[in-house]
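A quick write-up on the structure given underneath.
The values are calculated or read from the model by the stated rules, or taken from the named source; none is laboratory data. What you see is a predicted model; the values in this text were computed from it and never measured. Virtual Cβ from ideal backbone geometry, glycine too; neighbours counted across all protein chains shown.
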Amino acid sequence: MYALILILGMVLASSPVQAETESWKTLNTAGMLAYKERNFAMAQEMFHRALHLLGGATELDPRIATTLNNLGATHEALGEYEQAELRYRHALTMIETIQGPDHPDIVVGLNNLASLYFSQKAFDKAEPLWQRGLSISEGFLGDAHPHLIQTLLTLGLVAQAQNKFDQAEPYYLRAIAIGKRSLGDDHPSLIPLYERYASLLRQTNREEEAQVVDRQVEAIRATNQLSFPQSKPAGD
């Protein structure tokens, strides 16, 4: 699972230049490009150089928070989880100080740290971070925005992994309800939501209910197959 790279200011599609003429933007952009190309060691070097370049900046400089987050992403990609946690936490603290505890920019930092914990099966650490991110997102998006679906699905998965089935079910049902309201009853994007809910029902020995959900999935698949035009037979 890839972490989210933060971007501040204009992104410059440029290559690294000599140290004496390097700027934070060019180094940060070079790091992002290397990260996208899965050259994580090179990305880490670029972000380290960007951070060093900001050595004289104030601790409240948002570029430092961005660079720390991006370094965390490279540490995570390289399997350096302790270093990743330190970078993510430092970045998150700085963003909170700069923007305030409920600013939407914080959600990215919360998600990255939660995803790191999730990958290590530290569900008890990941869960409250995603819950906080959900609360912040609800504050500026409302409680029925489709952008909430992924977080609700993730929280359901985390609760299910901890056998908190009574907590997982409302997350899944809410994700489905938002999806149906925003996309329509037969949209194919509902299928993974229904499938995840069916897995919970089976894990809690509710096979008949799971089969009802399975039929809903098949109905969506059938509807969407019929909605696509059939290809014409090849001519002679």
Output the number of residues of the stretch 136-165 satisfying the condition of being small (G, A, S) and either surrounded by fewer than 14 Cβ atoms within 10 Å (Cβ to Cβ) or closer than 14 Å to G179 by Cβ (or both).
4
Looking at G100, is it out of contact with any helix residue (DSSP H, G or I) (no Cβ under 9 Å at 6 or more places or on another chain) and in the same structural domain as T26 (by TED's automatic domain parsing)?
no
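Rundown of residues vs (1) aromatic (F, W, Y); (2) under 30 Å from P101 (Cβ atoms); (3) not assigned by TED's automatic domain parsing to the domain that holds T93, yes/no style:
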position	(1), (2), (3)
Q120	no, yes, no
D124	no, yes, no
Q167	no, yes, yes
R174	no, yes, yes
S182	no, yes, yes
P188	no, no, yes
Scope the stretch 167-194; condition charged (D, E, K, R) and over 20 Å from the mean Cα position of the chain (by Cα); matching residues:
E169, K180, R181, D185, D186
Check off (1) out of contact with any Lys or Arg (no Cβ under 9 Å at 6 or more places or on another chain); (2) small (G, A, S); (3) buried (at least 24 other Cβ atoms within 10 Å of the Cβ) for G72 and give me the number that stays unchecked.
(1)
Would you check if there is a residue in the stretch 48-69 being in contact with a helix residue (DSSP H, G or I) (Cβ under 6 Å, 6 or more places away or on another chain), touching a residue at least 60 places away in the same chain (Cβ under 8 Å), assigned to a helix (DSSP H, G or I) and of a type outside the set (D, E, K, R)?
yes
When N163 is run through (1) part of a helix (DSSP H, G or I); (2) of a type outside the set (A, V, I, L, M); (3) outside the structural domain of A77 (by TED's automatic domain parsing), the failure sits at (1)
